[in-house]
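Read through the structure below, which is laid out as structure tokens, and then see the notes.
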Amino acid sequence: MGAYEAERTTNDRASAPDHGEPIGEGWESHLRLGQDVRFVLVAVGGGGIRIGREIARRHLRHLETVAINCDPKVQGFDDFDRRVYLGPDTGAETDTGGSPFVGGLLARAAEPALERIFEGATFVIVIGSLGGGAGSGAFPYILEVACRNAEVVSAFVVKPFRCEGERRALADRAIGRLHFVEAFVEKRERGVATLQTLDNESLVAIQGRLAFNRVAQHWASLIEDHIEKSFLAPVEALLETAEMGRVAHDLPMNRLSEIEVPAVAGIEPPRSPPSELPPEYPPVLPAARVEDPEVELTFEIVDEARPPAAR
């Protein structure tokens, strides 16, 4: 068994893997969003891919998008930067038949391909639609590989509607299995991994009858907001602060006490190899001193105060 991977033939946006954005000058220029600091969104299973597709079409800056499924049709989803089909080495199409066991076997066989996707990733968002072969079976293995490679991981799992019966029961069992994914558990204990369940049934109580395509749009908006507020904006602010500090440090009249850049949302800044960065990161940022204003003095000779000889 193996995996077949396809990539976008056109890189028309800054979030594509080859288009990182330089930040500032000096050592900060070694950190480029989208390359040195990578944001990767991975959608697994049919429902997860529908949500991921909605996010991919919104072209979030610096975000790489990957679709993974046991259905060969995944290779035709050009909205994603990379598409991975979990299938046999023979090239023949396979069908999990909704079996999590088969989906798990395919994911384990494709582990080398999955390692390449997550290698060097900084922030990873994994979306899985549970209840089928890919979501319930392959998702735990994909999450394991993501946690072994990425610095910070956010996992979102989608539960089917109550009317889907057996699929919902499979989803519950799959969620239970996630608590035994070793790398994921270790990361959660350190506070650098999260798990959020998106229950389709909850939308019935909130919004009543909802068109099927609107379900994916609803969850896509929620996840997009998470990516923006938890990852993109804080990292951009952190690098901008570091750049401002470098400029302040270069001012000749700088004599005030030094201050350190605070951590952003509990996330440690990504590190580059020691050869590229100074020993301490983020750097200590001294504040710039405000120069003393110029003062003009004037004198007035009072007549009564003159010596007698001058009168």
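The values are calculated or read from the model by the stated rules, or taken from the named source; none is laboratory data. Everything numeric here is computed off the predicted structure, so don't read it as measured data. Backbone-built Cβ (ideal geometry, glycine too); neighbour counts: all protein chains shown.
Being aromatic (Phe, Trp, Tyr) and under 15 Å from Leu60 (Cβ atoms) holds for only one residue in Phe180, Phe184, Phe231, Phe212, and it is Phe231.
Exactly one residue among Leu106, Leu86 is surrounded by 18 or more Cβ atoms within 10 Å (Cβ to Cβ), assigned to a helix (DSSP H, G or I), modelled with pLDDT under 95 and aliphatic (A, V, I, L, M), and that residue is Leu106. Whenever a residue of region 176-190 is under 15 Å from Asn149 (Cα atoms), its partners that are among the basic types (Lys, Arg) and not in a loop (DSSP other than H, G, I, E, B), lying with C-beta atoms within less than 9 angstrom and at least six residues away or across chains, give the pairs Ala183/Arg148.
With respect to the conditions (1) under 17 Å from the mean Cα position of the chain (by Cα); (2) under 18 Å from Ala233 (Cα atoms); (3) modelled with pLDDT under 70, Gln35 lacks only one, and its number is (3). Looking only at residues in region 151-175 that are at pLDDT below 95 and among the small types (Gly, Ala, Ser), the one that is farthest from the chain's Cα centre (by Cα) is Gly165. Within region 45-64, restricting attention to residues that are within 14 Å of the chain's Cα centre (by Cα) and assigned to a loop (DSSP other than H, G, I, E, B), the residue that is surrounded by the fewest Cβ atoms within 10 Å (Cβ to Cβ) is His59. When Ser230, Ser202 are screened for being among the small types (Gly, Ala, Ser), in contact (Cβ under 8 Å) with a residue 60 or more places away in the chain and more than 16 Å from Gly52 (Cα to Cα), only Ser230 passes. For beta carbons closer than 7 Å, sequence separation of 6+ or different chains, a first residue in region 73-95 that is under 26 Å from Arg58 (Cβ atoms) and a second that is at pLDDT 85 or above and charged (D, E, K, R), the qualifying pairs are Val74/Arg83; Gln75/Arg83; Phe77/Arg53; Phe77/Arg83; Asp79/Arg53; Asp79/Arg57; Asp81/Glu64. Against the numbered list (1) over 20 Å from Gly135 (Cα atoms); (2) at pLDDT below 95; (3) surrounded by 17 or more Cβ atoms within 10 Å (Cβ to Cβ), Leu178 comes up short only at (1).
When Ala183 is tested against (1) assigned to a helix (DSSP H, G or I); (2) out of contact with any Pro (no Cβ under 9 Å at 6 or more places or on another chain); (3) over 28 Å from Glu228 (Cα atoms), just one condition goes unmet, and that condition is (3). Report yes if Asn200 is surrounded by fewer than 13 Cβ atoms within 10 Å (Cβ to Cβ) and under 18 Å from Ile127 (Cα atoms), otherwise no. No. From the set of residues in region 147-180 that are assigned to a helix (DSSP H, G or I) and in contact with a Ser or Thr (Cβ under 8 Å, 6 or more places away or on another chain), which is nearest to Ala107 (Cα to Cα)? Within region 147-180, the match that is nearest to Ala107 (Cα to Cα) is Ala174.
Of all the listed residues (Thr94, Thr122), the sole one being modelled with pLDDT under 90 and touching a Pro at 6+ places or on another chain (Cβ under 7 Å) is Thr94. Inspect all residues belonging to region 128-146 and state whether any of them is of a type in the set (Ser, Thr, Tyr), at negative phi, within 26 Å of the chain's Cα centre (by Cα) and not in a helix (DSSP H, G or I). Yes, region 128-146 contains a residue that is of a type in the set (Ser, Thr, Tyr), at negative phi, within 26 Å of the chain's Cα centre (by Cα) and not in a helix (DSSP H, G or I).
With respect to the conditions (1) modelled with pLDDT of 90 or more; (2) out of contact with any Phe, Trp or Tyr (no Cβ under 9 Å at 6 or more places or on another chain), Thr65 lacks only one, and its number is (2).
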